[in-house]
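Shown next, in structure tokens, is the structure this report addresses.
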Amino acid sequence: MKPGILGIGDALPPRVVTNADLVGELDTSDEWIVRRTGIRERHWLQGDETLADLATSACAAALRDAGKEPGDVDHVIIATITPDQLTPGLAPAVAAKLGAEHAGVVDLNAACAGFLYGLDHAAALVESGRARHVLVVGAEALSRITDHEDRSTAVLFGDGAGAALVGPISEGVGIAGFEFGYDAELAPLLYAERERPLLRMAGQEVYRHAVARMTEASERLLERLGLDATSIDYFVPHQANARIVIAVADALDVPHERVSFNVELTANTSAASIPLGLAAAQRDGRLPAGALVAMVAFGAGFVWGAGVSSWKDGAAIDKRGKAQKVKTRST
């Protein structure tokens, strides 16, 4: 069976933290934050709010968008580095809250690239016939592991959840393929330790590697699929900060009007970043059925990945009105 994205959903905590809210606590300014990152606000969990509840809301929205029920879900895959507890994982709680009684459940950790890894796993399950419908979720509460006294990182991170329902499609490109990579030797540039679980980052070095690896992974995947930047209708890079998004888009020659810039309102939400961007793009009318979408992410590990998929079953249409030919993994 050919796998495709059938539905998308997202959820953000009610609490909005603006740059102005942080200026009084840090030696910074709204102008400095916007100029360096493009971020104006972020959402944070508070009190007794849980990431499981947030992820469940995103999953319910994805199912509604796809016209499916919780009982249709065979697997729930959640990408997160900030679950509500060390163990058990987030996926069992979300599946139970959702009412997916017979689903397989698993958490995975690939930092900011986690959603793409989950999407790859889901596509393989559907392709092989071992599952029919798989929920892939990126859910993070990065406010929990942010050093709120460190000006260089305190402004960067937010909380949120996004979910995509993957299932079989009868026509169109579907989920065409992925390109993944890692470099464990550079892990000390972006990490959080178990003993003191706060994010530490060498910002300039991370920026340099993120731009290079995201560009390289995207180029390799597009070449392998027989595509180029003109084939892509919409580009959703991981929303680490606006400067990285712009640098990668420019390196790939993707016009800015076809690029997601959701970071302004969400900040860096790690694994939730790409599905949040997809959900926002659909609401804004930027993802008609059949649109060809490229996604790319880079995160701690270092781990990175790129993926290409058509949107909501429809075949991608080129400028001549013909179906876009894509070399999927099965061809």
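The values are calculated or read from the model by the stated rules, or taken from the named source; none is laboratory data. Nothing here was measured: the structure is a model prediction, and the numbers come from that model. For neighbour counting, all protein chains shown are included, and Cβ atoms are generated from backbone atoms with ideal geometry for every residue, glycine included.
Numerical summary
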| read-out | value |
| --- | --- |
| Counted residues, the stretch 13-24 - those being in contact with a Lys or Arg (Cβ under 9 Å, 6 or more places away or on another chain), surrounded by 16 or more Cβ atoms within 10 Å (Cβ to Cβ) and not in a helix (DSSP H, G or I) | 1 |
| Of all residues in the stretch 253-270 being part of a loop (DSSP other than H, G, I, E, B) and in contact (Cβ under 8 Å) with a residue 24 or more places away in the chain, the one that is nearest to GLN282 (Cα to Cα) | SER260 |
| Which listed residue, of ASP284, ASP313, is touching a residue at least 12 places away in the same chain (Cβ under 8 Å), of a type outside the set (A, V, I, L, M) and surrounded by fewer than 20 Cβ atoms within 10 Å (Cβ to Cβ) | ASP313 |
| Some residue of the stretch 125-140 being of a type in the set (Ser, Thr, Tyr) and either within 20 Å of PRO13 (Cα to Cα) or assigned to a helix (DSSP H, G or I) (or both) | yes |
| Residue count, the stretch 179-221 (criterion: within 25 Å of ALA123 (Cα to Cα), in contact with a helix residue (DSSP H, G or I) (Cβ under 8 Å, 6 or more places away or on another chain) and either crowded, with 21+ Cβ neighbours inside 10 Å or among the hydroxyl-bearing types (Ser, Thr, Tyr) (or both)) | 4 |
| Search result, residues across the stretch 188-229 that are over 26 Å from SER143 (Cβ atoms) and either of a type in the set (Phe, Trp, Tyr) or modelled with pLDDT under 95 (or both) | ASP228, ALA229 |
| Elements of type helices (runs of 4 or more DSSP H) contained in the stretch 142-252, each with 2 or more residues being hydrophobic (A, V, I, L, M, F, W, C) | 203-224, 242-251 |
| Matching entry among ALA154, ALA95, ALA139 (being out of contact with any Phe, Trp or Tyr (no Cβ under 8 Å at 6 or more places or on another chain), crowded, with 24+ Cβ neighbours inside 10 Å and farther than 27 Å from MET1 by Cα) | ALA139 |
| From the options HIS75, HIS43, residue that is in contact (Cβ under 8 Å) with a residue 40 or more places away in the chain, crowded, with 20+ Cβ neighbours inside 10 Å, under 22 Å from VAL236 (Cα atoms) and not aliphatic (A, V, I, L, M) | HIS43 |
